[in-house]
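Engineer: Sharing a structure below in structure tokens format, with a few things to ask.
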Amino acid sequence: MLPPSDGYKDFVNRKGWPSYVLQAVVDHQFCFWNICCKMPGSAHDASVLRNSDLFQKAHLLPKLSGSLTPVRLLRSFPGNLIQYPPPRLIQ
């Protein structure tokens, strides 16, 4: 998937190559709760979560013990956002 030519700089991530941010949330049984891939690579992780349907509907999620919010839950997993190098295009 190639970024649009208009606004290309928005898609360049902190590693220097263009990308989209993919957010996927699974539960303890590895069932997907939410998948979101609409933000450009330069977007901050918190912005991606804040703009996702998951965050907008967080009040519908099951209550967890303590005061664990979706943001704290996301940050509690090490390596929760993995970036892969861009594929090499063969011409």
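The values are calculated or read from the model by the stated rules, or taken from the named source; none is laboratory data. As the structure is a computational prediction, the values presented were derived from the model and not from experiment. Positions of Cβ are backbone-derived with ideal geometry, glycine not excepted, and every protein chain shown enters the neighbour counts.
Engineer: Taking the stretch 38-59 only, how many residues are out of contact with any strand residue (DSSP E or B) (no Cβ under 8 Å at 6 or more places or on another chain) and over 15 Å from V25 (Cα atoms)?
Structural biologist: Summing the residues that are out of contact with any strand residue (DSSP E or B) (no Cβ under 8 Å at 6 or more places or on another chain) and over 15 Å from V25 (Cα atoms) in the stretch 38-59 gives 2.
Engineer: Related question: Which of the residues spanning the stretch 32-59 are polar (S, T, N, Q) and in contact with a helix residue (DSSP H, G or I) (Cβ under 6 Å, 6 or more places away or on another chain)?
Structural biologist: The answer is N34, S42.
Engineer: Now a separate question. Do we find that K9 is among the charged types (D, E, K, R), modelled with pLDDT of 85 or more and assigned to a loop (DSSP other than H, G, I, E, B) in this structure?
Structural biologist: Judged against the criteria, K9 is not a match.
Engineer: Which one is farthest from the chain's Cα centre (by Cα) among residues in the stretch 14-35 that are crowded, with 17+ Cβ neighbours inside 10 Å and modelled with pLDDT of 85 or more?
Structural biologist: Per the stated criteria, the residue is P18.
Engineer: Quick one: L74 ticks every box in (1) within 16 Å of the chain's Cα centre (by Cα); (2) at pLDDT 85 or above except a single one, so which number is it?
Structural biologist: Status for L74: all satisfied but (2).
Engineer: Moving on. Collect the residues in the stretch 12-40 that are in a loop (DSSP other than H, G, I, E, B) and without any contact (Cβ under 8 Å) to a residue 60 or more places away in the chain, keeping them in residue-number order.
Structural biologist: R14, G16, D27, H28, Q29, F30, C31, listed by residue number.
Engineer: While we're looking at this one, here's another question. Sort out which residues of the stretch 41-60 are in contact (Cβ under 8 Å) with a residue 24 or more places away in the chain and either exposed (fewer than 12 other Cβ atoms within 10 Å of the Cβ) or over 10 Å from the mean Cα position of the chain (by Cα) (or both), and write them in order of number.
Structural biologist: Answer for the stretch 41-60, where residues must be in contact (Cβ under 8 Å) with a residue 24 or more places away in the chain and either exposed (fewer than 12 other Cβ atoms within 10 Å of the Cβ) or over 10 Å from the mean Cα position of the chain (by Cα) (or both): S42, L54.
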